[in-house]
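A quick write-up on the structure given underneath.
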Amino acid sequence: MEDILALAEAIWKGETDTFQYHPLGRPRGMVRLAEGTWFYRGFANTIIRETGEGLFIIDPSAGWDAGKKYEAVRTVTAKALHTAVFTHGHVDHVFGVSRYREEAKARGWALPRIIAHEALPERFKRYKATEAWNGHINLRQFRGGAGEPMFPVNFDFPDITYRDQLDVRLGDICAQLRHARGETDDHTWVFFPDNGLLCTGDLFIYGVPNAGNPQKVQRYAGDWAAALRRMAALEPRILAPGHGFPILGTERVVQALMDTADLLEHLHDQTLELMNRGASLDQVIHAVKAPDHLLRKPYLKPVYDEPEFIVRNIWRFYGGWYDGTPSHLKPAPETAQAEEIARLAGGAHRLAERAMEVAEEGDLRLACHLAEWAFLAAPHDPETRKAASEVFSRRAEAEPSTMAMGIYLSAARHMGGVTGPEARSRTVMDAQQERGRHAEGS
Ligand SMILES: [Zn+2]
């Protein structure tokens, strides 16, 4: 087991980076952050605080690692779970309480309770209505389309909900729960004044904020930035994020929070300014750029989400779905467009050849359009499929973020006709980490 705090220090200092140690990646395990305070670095992180009345656990686990996290908690404390907080309703954060409930029943302890924001139950209901859809999009996002779609909906609903803020006192420890819209509409961040521990949920994930996710519902960049500034004003001593590595020391914590707020505000303000000038979405996404000095920060690399996608989400927040390009208002089917372009080009083969040439020249954005048209115009032609798939594979390899890599890998698999168990064991994050370490070694 690599030492998680040593890794956190090395990443902060730039000795390694999140392309080699993805916020959602390995290694995993438990570390002690302060007296009676532990942090389990998982796919999503879990924070455990011991109090005189029992344990306070933030984001107990996902469904798939509930056993592992429970066992890890029981290596550091034998106390009963008193209160679990779900920082938001994403499925990597909201499972695992049932294990503590069974334990409490078996031992005759009081049953644990769950606290969350009042919008969280609606999210769970939406997830039940969209279970299969969420299976498909998560398969693209995390596994590049390899394997079977799966999405858990056997939720434990919260016992207590709140709207704006809630102070919870357990023994002599107070947890200040605060609501902010950010990655979700149901987000809670938690501050413990006694030891300066800040649990951000996914409002901080040691990377470009997941404020743009192409396949998920609306995110809230403006409110998000304001929440980060509010956290920074408390001058926390420890930042325990929803994903990625902890940050220790007030100066570092405040810097990371403020830089992240700066990034979101920059994207927000630039996008809104162009929208107010009447720009189209196409103009906006190619004009708004994140400041380089921020993207170079160890905690702001575009390893999971990326600025271009955040810009689109800001557009969606303020605008309608019409993107300002007239032919997009009531378009011809994409297949009909592709067939017409192939006819003009001299056939789908010619389009596929040109896609490969343009990819060789390094313009993968343009090459992907040509490859897609070729595939749509001749979806049963093996050579065309192979070329189209190759272009999207190269695109996946060249993209920094999980979001882009996952979608392009899925496209490459689909176009290449690759199905079955191939690469099932490897997540997109594993692929990114392998690539990051290879690049470092070469
Ligand atoms: Zn998360």
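From the list Ala332, Ala342, Ala374, the lone residue that is assigned to a loop (DSSP other than H, G, I, E, B), small (Gly, Ala, Ser) and more than 30 Å from Thr18 (Cβ to Cβ) is Ala332. Listed here are the strands (runs of 3 or more DSSP E) enclosed by region 21-70 that have at least 3 residues being within 16 Å of the ligand (Cβ to nearest atom) and in the same structural domain as Thr200 (by TED's automatic domain parsing): 37-41. For region 71-93, a tally of residues being of a type outside the set (S, T, N, Q), more than 14 Å from the ligand (Cβ to nearest atom), touching a Phe, Trp or Tyr at 6+ places or on another chain (Cβ under 9 Å) and not in a strand (DSSP E or B) returns 4.
The set of residues in region 1-17 that are more than 13 Å from Ile247 (Cβ to Cβ) and among the β-branched types (Val, Ile, Thr) contains only Thr16. Of all residues in region 255-280, exactly one satisfies the criterion of being hydroxyl-bearing (Ser, Thr, Tyr), part of a helix (DSSP H, G or I) and more than 21 Å from the chain's Cα centre (by Cα), namely Thr271. Of everything in region 94-118 that is within 16 Å of the ligand (Cβ to nearest atom) and assigned to a loop (DSSP other than H, G, I, E, B), the residue that is surrounded by the most Cβ atoms within 10 Å (Cβ to Cβ) is Val94.
The condition (being at pLDDT 95 or above and under 29 Å from Val303 (Cα atoms)) is satisfied by just one residue among Ala146, Ala106, Ala175, Ala132: Ala132.
Restricting region 203-242 to residues that are surrounded by fewer than 24 Cβ atoms within 10 Å (Cβ to Cβ) and within 24 Å of Ala10 (Cα to Cα), the residue that is nearest to the ligand (Cβ to nearest atom) is Ile238.
The values are calculated or read from the model by the stated rules, or taken from the named source; none is laboratory data. Since this is a predicted model, take the numbers as computed values, not measurements. Glycine gets a Cβ as well: all are built from the backbone with ideal geometry, and neighbour counts include every protein chain shown.
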